[in-house]
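Worksheet: one structure, shown below.
The values are calculated or read from the model by the stated rules, or taken from the named source; none is laboratory data. Keep in mind the model is a prediction, meaning the values are calculated, not measured. We place every Cβ from the backbone using ideal geometry, glycine too, and count neighbours over all the protein chains shown. Note: accessible area is taken over every heavy atom of the protein model, side chains too, but ligands, DNA and RNA are not part of it. Shrake-Rupley method; radii C 1.70, N 1.55, O 1.52, S 1.80 Å.
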Amino acid sequence: MNPVNYLYLAALLFTIGATGVLVRRNAIVLFMCVELMLNASNLALVTFSRLHGNLDGQIIAFFTMVVAAAEVVVGLAIIVSVFRTRHSASVDDTNLMKL
Amino acid sequence: MSVPDTVHSLWTVAASSTTQTIPTPHIEYGQLSPMLAVFGAAALGILAEAFLPRRNRYWAQIGIAMAGLVGAFVAVVVLAAQGYAGTKAHLAAMGAVAVDGPSLFLQGTIVLIAVVSVLGFAERHLEPRSSTGAPVDAFAPQAATVPGSDAEKSAARSGFATTEVFPLTMFAVGGMLLFPAASDLLTMFVALEVFSLPLYLLCALARRRRLLSQEAAVKYFLLGAFSSAFFLFGLALIYGYAGTVSIGGIADVVSGTATPTPALANTTANDALLLIGLAMLGVGLLFKVGAVPFHAWTPDVYQGAPTPVTGFMASATKVAAFGATLRLLYAAFPGVTWDWRPVLWGVAILTMVVGAIIAVTQTDVKRLLAYSSIAHAGFILTGVIAMNKAGVSAVLFYLGAYSFVTLGAFAVVTLVRDAGGEATHLSRWAGLGRRSPLVAATFALFLLAFAGIPLTSGFAGKFAVFQAAASSGATPLVIVGVLSSAVAAFFYIRVIVLMFFSDPRPDGPTVAVPSAFTATAIALGVLVTLGLGILPQYFLHLADQASVFVR
């Protein structure tokens, strides 16, 4: 199979993730969409790694996984603390500050 | 795009082949010592948090943080004195970290910002003491407790303090030191996350108005993660285009001097990968500097975060992010200047105009300073667009000048208080100049520096970036810059008029007397503002010497 198809898949996944961040309301779902974007990047990196025949892309994918894991720790801590305060994870409810 | 046949030999190997050795990477620990000192202090701080009894932690953490920062600054100065900023500039750590003029200049600036910020974080004289008489700082007694709950009250009664802010700050500073020095996109991405993640947490830690603080953290986190996902996908596309993520390697491929391979011939045949990738990297970086249209988070986060953290974030993040932007545009993508420059023109104009105009309508001091920081991001961008050596040195100088004004201004904001904590609404500041002339005069000095009045550092910085932009032919940009400076000057002057020429309100805020920590921070801010304003030549010369990138 032509590896370029994986690039189209990666772009599609990234777009789905980005659209999700823009249209969904629940902070957890938003966060999952961000993770989808990161993993789409991983797929693109690994595909490019194969196209170029060097291993950089695969190494970077490992780094991305670690970074994503660290981001989950920090993100869930913040989202959980907001949820415990407001009993809601909807980002539309966090609107005390407006223009 | 076809796959070279030899490709499988990379991850499959015949069982009979002789064992291959991987060469040990060569790490120049001495040249990385600024970062190592700061990360070491951060790790020590975590250990102190785990093993020291609660009553000893505050002073221990301040000591560890200060020791790490002073060590890092000494290391930067020694490296610069040894010539790494000029003739000996090179890539350390197997090409991952550039030790060159801009790196060392920005690292020195960031470390000094961090010193002043840690002084602000350590302030415990402004809040009224807890019921047991324990001094209290600007951070939540226990961040995990629900605001207003019994658990929070009992934590406050027991005099708990979130001393974790010091190690968190150290991790953020370490990431910021690495970010402008990163010489490949992977290091840059990791550094971006290393300094962002602690900042998200620091935003959520305010003692007062915790709902606002948590809201700021959630907004900053979600938008920050969104933007770094863009940065990462951009990285992937650039890697796809160039087959490498090192700054020098990308520059070679972009300018066409790289050794052609079949795979490279395929991927570089189409510029879409390059241009979309660069745009996405740009989204990630412009988000961090707070440029329009990626600025939406700035006012909310600046308003909600604890004020000392806001000062730190507003200055140090901007320095680090502009450093990385410079390196990316000047060292990796000079070959496509004609593609990115028009886009940055638009971004710079939008940033200056939107920042200055929306700031006029603000009624909260912290939001006002947030919009002013957006406008300043636009001014700095004009220097970035110059795309000449003067542009680099002007941006370096501007960043140093601007960050100390910002630190000082936010430190003054922490002093003006009423029963509910900081009185940030502008109407509460009316007549402050009659009640406490010294504090109001200091704040006025910082506002004048923001506005770019001569004899302050703001003037020297603005003059330098506009001159660099004009010399590169971006005269329309300079005109827009000067016009929006005038708009910005209007609302800075308005605050000064409000402070000095209106009657104080009977129920107005009081000005708290700070401890030596905040007093030193403000004094340093004033000194640097006046010093860089009256004698800018020396520092301009220093920035000029430090303006050559290595790749």
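Please compute one quarter of the surface area of the Cα convex hull for region A:4-86 and express it in square nanometres.
Averaged projected hull area, Cα only: 5.4 nm².
Using heavy-atom solvent-accessible surface (probe 1.4 Å) with all chains present, what is the largest-first order of B:LYS219, B:LYS462?
Ranked from most to least accessible, the order is B:LYS219, B:LYS462.
Would you calculate, for chain B, the mean residue ellipticity at 222 nm contributed by helices, counting each DSSP H stretch of 4 or more residues as -39,500 (n - 2.57) and dividing by all residues, to the nearest 500?
After summing the helix terms and dividing by the residues of chain B, the value is -22000 deg cm²/dmol.
Could you work out, residue by residue across A:40-49, how many beta carbons of other chains sit within 10 Å of that residue's beta carbon, and then give the average as an integer?
Going residue by residue through A:40-49 and averaging, the value is 6.
Could you pull out every residue, at least 5 positions away or on a different chain, whose amide H is within less than 5 Å of the one on B:ALA92? Hs are placed 1.01 Å off N in the peptide plane, and Pro or chain starts have none.
B:VAL97, B:ALA98, B:VAL99
What is the dipole size for the protein assembly as shown, taken about its Cα centre, with +1 at each Lys and Arg Cβ and -1 at each Asp and Glu Cβ, in debye to the nearest 20?
The dipole magnitude comes to about 1440 debye.
Could you tell me the distance between the Cα centroids of region A:15-55 and region B:82-112, to the nearest Å?
With region A:15-55 and region B:82-112 each reduced to a Cα centre, they are spaced 33 Å.
Rounded to the nearest whole Å³, what is the per residue volume of the convex hull around the Cα atoms of region B:464-507?
Here the figure is 71 Å³ per residue.
Around B:ASP503, under 11 Å between beta carbons, what's the net of Lys plus Arg minus Asp minus Glu among the other residues?
Taking every Cβ under 11 Å from that of B:ASP503, the sum is +3.
What ³J(HN,Hα) values, in whole Hz, does the Karplus curve 6.51 cos²θ - 1.76 cosθ + 1.60 give for region B:338-343 when θ = phi - 60°, with x put for Gly and Pro?
Along region B:338-343, the couplings run 5, 8, 8, 5, x, 5 Hz.
Between B:ASN56 and B:ARG208, with labels modelled 7 Å along Cα→Cβ, what's the label distance in nm to one decimal, could you check?
Result: 3.4 nm between the two label points.
Amide H to amide H, which residues 5 or more places from B:ASP184 or on other chains are under 5 Å from it, using H placed in the peptide plane?
Residues meeting the amide H criterion: B:ILE247.
How big is the Rg/Rh ratio for the protein assembly as shown, C-alpha atoms only, Rh by Kirkwood, two decimals?
Dividing the radius of gyration by the Kirkwood radius yields 0.97.
Using a 10 Å cut-off on Cβ to Cβ distances, tally the other chain neighbours for every residue of A:73-84 and report the average as a whole number.
Mean shielding by partner chains, rounded to a whole number: 6.
Rounded to the nearest 20 debye, what is the charge dipole size of region A:4-86 about its Cα centre when +1 sits on each Lys and Arg Cβ and -1 on each Asp and Glu Cβ?
Its charge dipole is roughly 360 debye.
What is the Cα centroid distance between region B:432-508 and region B:25-72, reported in whole angstrom?
Each part reduced to its Cα centre gives a spacing of 37 Å.
Which residue, B:GLY234, B:LEU432, B:GLN31, has the largest displacement toward the positive end of the dipole of the protein assembly as shown when charges sit on each Cβ (Lys, Arg +1; Asp, Glu -1)?
B:LEU432
Would you mind estimating how fast chain B diffuses translationally, via Stokes-Einstein at 25 °C and 0.890 mPa s with the Kirkwood radius over Cα pairs, in µm²/s?
Approximately 102 µm²/s, per Stokes-Einstein.
Per the Kirkwood treatment, what hydrodynamic radius in Å, one decimal, follows for region B:187-331 from the mean inverse distance over all distinct Cα pairs?
16.3 Å is the Kirkwood radius here.
Residue-wise, which Karplus ³J(HN,Hα) couplings in Hz belong to region B:229-246, taking 6.51 cos²θ - 1.76 cosθ + 1.60, θ = phi - 60°, and x for glycine or proline?
5, 4, 4, 5, 5, x, 4, 4, 5, 5, 4, x, 6, 9, x, 8, 10, 6
Using modelled backbone amide H atoms (1.01 Å from N, in-plane), which distant-in-sequence or interchain residues come within less than 5 Å of A:SER90's amide H?
Excluding prolines and chain starts, which carry no amide H, the hits are A:ALA27.
Using a 10 Å Cβ count of at most 14 others and DSSP loop calls, identify the longest part of chain B lacking such chymotrypsin sites (Phe, Trp or Tyr not before Pro).
In short, B:30-500.
Between B:VAL77 and A:MET32, with labels modelled 7 Å along Cα→Cβ, what's the label distance in nm to one decimal, could you check?
5.4 nm
How large is ³J(HN,Hα), in whole Hz, for each residue of region B:328-337 in order, when computed from phi with the Karplus curve 6.51 cos²θ - 1.76 cosθ + 1.60 and θ = phi - 60°, using x for Gly and Pro?
Result, rounded to whole Hz: 4, 6, 8, 9, 9, 10, x, x, 10, 3.
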